[in-house]
Each structure stands twice: as structure tokens, then as C-alpha cells.
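Some notes on the structure that comes next.
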Amino acid sequence: MKKIYISCLLFLPLFMSAQTDIDGIMMSKNNFCVGAVYQHSSWDEYWEGSFKRTNLNLGTVTTQSVAVMGNYGVSDKLNVIFSAPYVETNASAGTMKGQKGVQDLSLTLKYMPIEKTIGKATYSVYALGSFSAPLSNYPADYLPLSLGSQSKTAVLRIMGDYQRENFFSTISGAYIKRANITIDRNSYLTDEVHYTNEVDMPDAVSVNFRAGYRSNRLIAEFVIDNWVTQAGGFDITKNNMPFPSNTMNALKYGVNAKYTFKKIPELSLVGGYNYVVEGRNVGKSDAIYGGIFYVINFKKATN
């Protein structure tokens with residue numbers, strides 16, 4: 001079965017999950033898919049280093065977000081993807097005030113240099129380059145209720161996809177380069193005292209595997225995602241707040257689905273659920289999301 005090119009591909013921030021830019025689908029040339037996704041995640045347990053614990057000064061930490069997203073097919077082999085989420089955080093106990101505001105703008109180029117059909121199977125290779133930067137001056141040094149890390153980030157990902165009839169599997173690996181940030185104090189403690197307001201942000205590596213069913217109208221998949229911080233991070237110290245340059249590792253399992261309406265093939269719904277099964281200095285979160293997307297064919301409109 002040939003690859004399906006008409007699709008909405010979403011790019012979401014760290015620890016969020018949906019049908020994303022890292023699936024084996026491309027938007028057709030001159031098509032623009034735009035829509036919005038709502039996500040709700042929460043946790044009342046977290047890992048302080050390798051120790052899983054609760055914290056009565058936080059209770060349950062909840063994050064809600066609405067992201068506006070789009071994907072334009074420059075060609076059948078090159079897509080441009082963007083995302084801009086509005087995020088709100090809250091803790092059910094303690095004195096820390098929740099935050100809300102626009103987070104980061106993410107831009108991604110997705111290129112498919114190889115697509116080859118052998119027998120009933122199709123093999124594809126993709127290269128993705130992404131860049132994100134803060135859209136507002138939210139505080140980074142306010143974890144776990146900060147909207148983000150304030151770090152400008154570059155991502156390089158290589159991905160392979162295999163599809164036989166309606167069944168597929170996709171695997172990808174990425175290196176995440178994060179720029180240093182500045183915080184509103186002139187000294188801080190990691191595993192040593194730093195007399196500066198500049199924080200060295202550790203890089204990260206991400207591996208993603210997904211497999212399931214893919215057709216013109218329905219996509220249903222199981223996802224495993226592993227995020228591992230590289231050298232330079234450190235653990236949350238005992239009974240202390242998290243810090244932007246902490247080691248933050250997370251292994252997630254999840255399921256995603258996308259349904260395209262038969263009578264309105266331009267309109268589709270997406271939804272899914274994911275949870276963190278193992279981590280280090282992150283919350284043991286459960287997340288659910290849903291969204292709606294519409295595809296506009298600019299070539300058809302011009303004609």
C-alpha cells in the first residue's frame with residue numbers, strides 16, 4: 001500500500017504526545033493542515049532523583065494547554081510544521097501560584113529523501129530539523145509550575161518507517177541541543193555553588209517507537225517514548241524545588257488515534273492518552289488530549 005500523504009502532523013512540547021511530526025506521514029504539496037489540540041496532564045507523585053515520593057506542599061500538579069498547529073506541504077517530500085501552545089499550570093496544595101501564558105514557538109522542517117516499495121511493503125527514511133524559542137518572558141526558575149525552560153532548542157532527528165498494507169512501525173532517534181538560560185538571581189546551587197545568573201542547560205537524546213494500523217480514514221497506534229538527559233544535569237536535592245538544569249529522564253507509553261470523516265475528508269479528529277512509567281526528576285504524569293484539524297488545498301482553490 002502506498003504511503004498516505006494527506007495528514008495533519010503536530011509538533012508538541014517535551015512530555016506531551018499526539019500524532020506528531022515524528023510519524024511516517026507527509027502532507028501533500030500545496031496542502032495546509034491547521035487546527036488546535038487541548039491537553040490535560042496531572043501528577044501527585046514524582047521522582048526526586050531515583051526516589052519516588054509525594055509532596056503535601058504541592059498536592060496534585062495539573063497542566064492544561066491549547067496549541068495552535070499547522071503543517072504546509074512545500075512538496076510531497078518536504079513539509080513545514082509549526083506549533084504555538086498556551087499553557088496553564090496549577091498545584092492543588094501549598095502556596096505556589098500557578099502560571100499561565102504563551103509558551104514556545106516551534107518550527108520543524110520534515111524531509112523524506114527515500115521512499116521505496118518492495119513487494120507489498122513500503123520503506124521510508126526521514127530527516128527532521130526543529131527549532132523552538134520562547135514567545136513570552138515566563139519564569140524558568142519556578143518548577144514544577146513554570147511554563148517551560150526558556151531555552152532556545154534545536155533538534156535533529158532521523159526516522160525510518162515501514163508499512164505493509166495497513167500495518168506499520170516507525171522508529172526515530174533525536175539529539176536535542178539546548179541553549180543556556182538566565183534566571184532572576186545571581187547565584188544558585190547544583191552539585192556546587194555557581195555565582196552567576198547563567199544556567200548551563202544539558203542536552204538530551206530522545207528515542208521514539210510507534211506501531212499500529214494506518215489507513216486513509218483511521219490511524220491507531222501504540223507509542224513508546226524515551227527522553228534521556230545527557231551530561232551536565234543533576235538530581236533534585238532532598239526536599240528542594242526542581243531546577244531548570246536538572247536531569248529529567250522519562251519513559252512514556254501511550255496510544256494515539258486519528259479519524260478522518262468519509263463525507264468531509266478535509267476534516268479529522270485526533271486524540272490519545274500517555275503516561276510516564278519510569279523517570280528521574282519528573283512527575284509520574286498521566287495525560288489525555290484531543291483535537292480537530294482541517295486541510296486546505298491551495299492548488300485546488302487557485303484553480
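The values are calculated or read from the model by the stated rules, or taken from the named source; none is laboratory data. Remember, it's a predicted structure, so these values are computed and weren't measured experimentally. When we count neighbours, we look across all protein chains shown, and the Cβ atoms used for this are built from the backbone with ideal geometry, even at glycine.
Assorted remarks:
Residue-wise test of (1) surrounded by fewer than 21 Cβ atoms within 10 Å (Cβ to Cβ); (2) more than 23 Å from residue 21 (Cβ to Cβ); (3) not acidic (Asp, Glu).
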residue	(1), (2), (3)
248	no, no, yes
256	no, no, yes
265	yes, no, yes
277	yes, yes, yes
287	no, no, yes
296	yes, no, yes
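- Sole residue being under 30 Å from residue 55 (Cα atoms) and not aromatic (Phe, Trp, Tyr), chosen from 149, 172: 149
- Boolean, residue 188 is over 24 Å from residue 257 (Cβ atoms) and of a type in the set (Phe, Trp, Tyr): yes
- Look at segment 27-39: where a residue is among the small types (Gly, Ala, Ser) and a partner is surrounded by fewer than 17 Cβ atoms within 10 Å (Cβ to Cβ) and part of a loop (DSSP other than H, G, I, E, B), sitting 6+ places away or on another chain with Cβ atoms under 8 Å, you get 28/5; 28/76.
- Matching entry among 288, 264 (being out of contact with any Ser or Thr (no Cβ under 9 Å at 6 or more places or on another chain), of a type in the set (A, V, I, L, M, F, W, C) and over 18 Å from residue 52 (Cβ atoms)): 264
- Segment 72-109, residues that are over 20 Å from the mean Cα position of the chain (by Cα) and touching a residue at least 60 places away in the same chain (Cβ under 8 Å): 73, 76
- Segment 237-261, subset modelled with pLDDT of 95 or more and of a type in the set (Lys, Arg), residue nearest to the chain's Cα centre (by Cα): 252
- Residues located in segment 130-163, provided they are in a strand (DSSP E or B), of a type outside the set (A, V, I, L, M) and over 14 Å from the mean Cα position of the chain (by Cα): 134, 160, 161, 162, 163
- Residue that is surrounded by the fewest Cβ atoms within 10 Å (Cβ to Cβ) [pool: residues in segment 115-129 that are assigned to a strand (DSSP E or B) and without any contact (Cβ under 8 Å) to a residue 60 or more places away in the chain]: 118
- Residue among 153, 170, 182 that alone is crowded, with 20+ Cβ neighbours inside 10 Å, of a type in the set (Ser, Thr, Tyr) and without any contact (Cβ under 8 Å) to a residue 60 or more places away in the chain: 153
- Filter pass, residue 112 being touching a residue at least 40 places away in the same chain (Cβ under 8 Å), surrounded by 15 or more Cβ atoms within 10 Å (Cβ to Cβ) and assigned to a loop (DSSP other than H, G, I, E, B): no
- Residue 54 vs. criteria crowded, with 22+ Cβ neighbours inside 10 Å, at negative phi and either at pLDDT 95 or above or β-branched (Val, Ile, Thr) (or both): no
- Test: residue in segment 219-242 that is more than 24 Å from residue 284 (Cα to Cα) and either surrounded by 15 or more Cβ atoms within 10 Å (Cβ to Cβ) or without any contact (Cβ under 8 Å) to a residue 60 or more places away in the chain (or both): yes
Matching residues to (1) modelled with pLDDT under 95; (2) of a type in the set (Phe, Trp, Tyr); (3) under 17 Å from the mean Cα position of the chain (by Cα):
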| residue | (1), (2), (3) |
| --- | --- |
| 166 | no, no, no |
| 169 | no, no, no |
| 178 | no, no, yes |
| 192 | yes, no, no |
| 210 | no, no, yes |
| 231 | yes, no, no |
